[in-house]
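Enquirer: Here it is, the structure, as C-alpha coordinates.
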Amino acid sequence: MKIAIGCDHGGIALKEVILPLLSELGHEVNDQGTNSTLSVDYPHYAKAVCDLVADNTCDCGILICGTGLGMSMAANRNKKIRAALCTEMFSARMSREHNNANVLCLGARVTGPGLAEEIVRTWLTTDFAGDRHLRRIEMF
Ligand code: RB5
(Lines give C-alpha, C1' and ligand atoms only; values in the text may rest on other atoms or scores of the structure.)
Protein backbone atom coordinates (compact mmCIF):
# COMPACT_ATOMS: atom_id res chain seq x y z
CA MET A 1 0.00 0.00 0.00
CA LYS A 2 0.94 3.64 -0.34
CA ILE A 3 1.03 5.08 3.17
CA ALA A 4 1.34 8.76 4.03
CA ILE A 5 2.94 9.44 7.41
CA GLY A 6 3.46 12.61 9.41
CA CYS A 7 4.36 13.65 12.92
CA ASP A 8 5.27 16.64 15.05
CA HIS A 9 8.24 16.99 17.40
CA GLY A 10 6.35 14.99 20.03
CA GLY A 11 5.90 12.09 17.64
CA ILE A 12 9.19 11.88 15.80
CA ALA A 13 10.78 9.27 18.06
CA LEU A 14 7.90 6.89 17.40
CA LYS A 15 7.82 7.72 13.68
CA GLU A 16 11.43 6.60 13.50
CA VAL A 17 10.32 3.22 14.87
CA ILE A 18 7.33 2.93 12.53
CA LEU A 19 9.09 3.92 9.28
CA PRO A 20 11.37 0.85 9.10
CA LEU A 21 8.44 -1.39 10.03
CA LEU A 22 6.41 -0.06 7.09
CA SER A 23 9.32 -0.68 4.71
CA GLU A 24 9.86 -4.15 6.14
CA LEU A 25 6.18 -4.90 5.50
CA GLY A 26 6.62 -3.86 1.86
CA HIS A 27 4.69 -0.59 1.89
CA GLU A 28 5.54 2.53 -0.09
CA VAL A 29 5.91 5.41 2.38
CA ASN A 30 5.27 9.08 1.68
CA ASP A 31 6.85 10.90 4.65
CA GLN A 32 5.47 14.41 5.11
CA GLY A 33 7.76 15.27 8.06
CA THR A 34 8.58 16.69 10.48
CA ASN A 35 12.12 15.39 10.51
CA SER A 36 13.59 17.00 13.60
CA THR A 37 12.78 17.54 17.26
CA LEU A 38 12.29 21.30 16.78
CA SER A 39 8.88 22.44 17.94
CA VAL A 40 6.33 22.55 15.11
CA ASP A 41 2.54 22.81 14.78
CA TYR A 42 0.87 19.43 14.32
CA PRO A 43 -2.13 20.68 12.24
CA HIS A 44 0.18 21.32 9.26
CA TYR A 45 1.30 17.69 9.24
CA ALA A 46 -2.21 16.38 9.80
CA LYS A 47 -3.40 18.37 6.77
CA ALA A 48 -0.50 17.25 4.55
CA VAL A 49 -1.17 13.57 5.27
CA CYS A 50 -4.96 13.83 5.09
CA ASP A 51 -4.85 15.65 1.74
CA LEU A 52 -2.84 12.76 0.27
CA VAL A 53 -5.38 10.24 1.57
CA ALA A 54 -8.42 12.31 0.58
CA ASP A 55 -7.25 12.70 -3.04
CA ASN A 56 -6.28 8.99 -3.24
CA THR A 57 -2.58 9.68 -3.74
CA CYS A 58 -2.12 7.39 -0.74
CA ASP A 59 -4.27 4.48 0.46
CA CYS A 60 -4.14 5.47 4.11
CA GLY A 61 -2.24 7.62 6.60
CA ILE A 62 -0.48 7.47 9.94
CA LEU A 63 -0.18 10.55 12.17
CA ILE A 64 1.87 10.71 15.35
CA CYS A 65 2.06 13.46 17.96
CA GLY A 66 2.68 13.40 21.70
CA THR A 67 -0.77 12.16 22.66
CA GLY A 68 -2.33 11.45 19.27
CA LEU A 69 -5.19 13.73 20.31
CA GLY A 70 -4.29 16.87 18.39
CA MET A 71 -3.53 14.91 15.23
CA SER A 72 -6.84 13.03 15.41
CA MET A 73 -8.84 16.20 16.02
CA ALA A 74 -7.16 18.01 13.14
CA ALA A 75 -7.42 15.02 10.78
CA ASN A 76 -11.13 14.56 11.37
CA ARG A 77 -11.84 18.11 10.15
CA ASN A 78 -11.41 16.69 6.64
CA LYS A 79 -14.76 15.16 5.57
CA LYS A 80 -13.06 12.33 3.69
CA ILE A 81 -11.00 11.27 6.69
CA ARG A 82 -11.96 8.81 9.40
CA ALA A 83 -9.03 9.13 11.79
CA ALA A 84 -8.80 6.77 14.76
CA LEU A 85 -6.58 7.36 17.78
CA CYS A 86 -5.59 3.87 18.92
CA THR A 87 -3.81 3.10 22.17
CA GLU A 88 -4.58 -0.63 22.32
CA MET A 89 -5.16 -3.58 20.01
CA PHE A 90 -8.94 -3.89 20.24
CA SER A 91 -9.51 -0.34 19.02
CA ALA A 92 -6.92 -0.84 16.29
CA ARG A 93 -8.89 -3.81 14.95
CA MET A 94 -12.34 -2.31 15.41
CA SER A 95 -11.40 1.04 13.88
CA ARG A 96 -10.82 -0.87 10.65
CA GLU A 97 -13.56 -3.52 10.91
CA HIS A 98 -16.40 -1.24 11.97
CA ASN A 99 -15.28 2.30 11.13
CA ASN A 100 -13.12 1.78 8.02
CA ALA A 101 -10.60 4.22 9.49
CA ASN A 102 -8.30 5.59 6.80
CA VAL A 103 -5.91 7.39 9.15
CA LEU A 104 -4.31 5.87 12.24
CA CYS A 105 -3.24 8.26 15.00
CA LEU A 106 -0.70 7.33 17.64
CA GLY A 107 0.55 9.09 20.75
CA ALA A 108 4.28 8.71 21.19
CA ARG A 109 4.10 9.81 24.84
CA VAL A 110 1.27 7.38 25.54
CA THR A 111 1.99 4.21 23.59
CA GLY A 112 5.34 2.45 23.76
CA PRO A 113 7.16 1.37 20.60
CA GLY A 114 6.42 -2.35 20.90
CA LEU A 115 2.68 -1.86 21.31
CA ALA A 116 2.63 0.82 18.62
CA GLU A 117 4.25 -1.60 16.16
CA GLU A 118 1.61 -4.23 16.90
CA ILE A 119 -1.16 -1.64 16.53
CA VAL A 120 0.24 -0.66 13.12
CA ARG A 121 0.53 -4.29 11.98
CA THR A 122 -3.05 -5.04 13.03
CA TRP A 123 -4.49 -1.81 11.64
CA LEU A 124 -2.87 -2.37 8.24
CA THR A 125 -4.06 -5.96 7.92
CA THR A 126 -7.64 -5.73 9.18
CA ASP A 127 -10.37 -5.35 6.54
CA PHE A 128 -13.54 -3.27 6.79
CA ALA A 129 -16.54 -5.51 7.49
CA GLY A 130 -18.93 -3.42 5.38
CA ASP A 131 -22.68 -4.19 5.52
CA ARG A 132 -24.40 -2.26 8.37
CA HIS A 133 -21.11 -0.55 9.18
CA LEU A 134 -21.01 0.96 5.69
CA ARG A 135 -24.47 2.44 6.20
CA ARG A 136 -23.31 3.98 9.46
CA ILE A 137 -20.13 5.58 8.21
CA GLU A 138 -22.07 6.98 5.28
CA MET A 139 -24.21 8.89 7.80
CA PHE A 140 -21.37 11.27 8.67
C1 RB5 B 1 3.33 18.97 21.58
O2 RB5 B 1 3.90 19.36 22.76
C3 RB5 B 1 2.00 18.24 21.85
O4 RB5 B 1 1.05 19.17 22.28
C5 RB5 B 1 1.53 17.52 20.61
O6 RB5 B 1 2.50 16.61 20.22
C7 RB5 B 1 0.26 16.72 20.76
O8 RB5 B 1 0.31 15.88 21.86
C9 RB5 B 1 -0.98 17.47 20.67
O10 RB5 B 1 -2.09 16.93 20.74
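Enquirer: Between Val110 and Phe128, what is the label-to-label distance in nm when each label sits 7 Å out along the Cα-to-Cβ direction?
Expert: In this crude label model, Val110 to Phe128 measures out at 2.4 nm.
Enquirer: May I ask you to give the solvent-accessible area per residue for segment 1-127, in square angstrom, as obtained with a 1.4 angstrom probe? Before the final figure, lay out each step's value.
Expert: Working: 5960 Å² over 127 residues.
I get 47 Å² per residue for this part.
Enquirer: Let me ask you something else. Counting only protein chains, not ligands or nucleic acids, how are Arg136, Arg109, Arg77, Arg82 ordered by accessible area (probe 1.4 Å), most first? The partial results should precede the final answer.
Expert: Numbers: Arg136 110, Arg109 170, Arg77 200, Arg82 60 Å².
Sorted by accessible area, descending: Arg77, Arg109, Arg136, Arg82.
Enquirer: Hey, another quick one. Carbon and sulfur: what percent of the chain's accessible surface (1.4 Å probe)?
Expert: Carbon and sulfur together cover 51 percent of it.
Enquirer: Please check: in the Gaussian network model of the chain (C-alpha springs, under 10 Å), which one of Gly107, Gly26, Gly68 has the largest mean-square fluctuation.
Expert: Greatest mean-square fluctuation among the candidates belongs to Gly26.
Enquirer: Mind putting together the pair-distance distribution for the chain? All Cα pairs, 10 Å bins, whole percent per bin, short to long.
Expert: Per 10 Å bin, starting at 0, the Cα pair percentages come out as 14, 48, 33, 5, 0.
Enquirer: Residue-wise, which Karplus ³J(HN,Hα) couplings in Hz belong to segment 84-91, taking 6.51 cos²θ - 1.76 cosθ + 1.60, θ = phi - 60°, and x for glycine or proline?
Expert: 10, 7, 10, 10, 8, 5, 4, 5
Enquirer: 222 nm [θ] for the chain, helices only, -39500 (n - 2.57) per DSSP H run of 4+, per residue, to 500? Each step should come with its number before you reach the end.
Expert: Details: 6 runs with 61 residues, N = 140.
Result for the chain, helices only: -13000 deg cm²/dmol.
Enquirer: Next question. At a probe radius of 1.4 Å, what is the per-residue accessible area of Cys65, in Å² to the nearest 10?
Expert: 10
Enquirer: Taking the Cα atoms only, what angle lies between the long axis of helix 42-54 and the longest principal axis of the chain, rounded to 10 degrees?
Expert: Roughly 40 degrees, rounded to the nearest 10.
The values are calculated or read from the model by the stated rules, or taken from the named source; none is laboratory data. The structure displayed is predicted, hence computed values, not measured ones. Here the Cβ is made from the backbone with ideal geometry for all residues, glycine too, and neighbour counts use every protein chain on show. The area values use the complete protein model at the heavy-atom level, side chains included, leaving out ligands, DNA and RNA. Shrake-Rupley method; radii C 1.70, N 1.55, O 1.52, S 1.80 Å.
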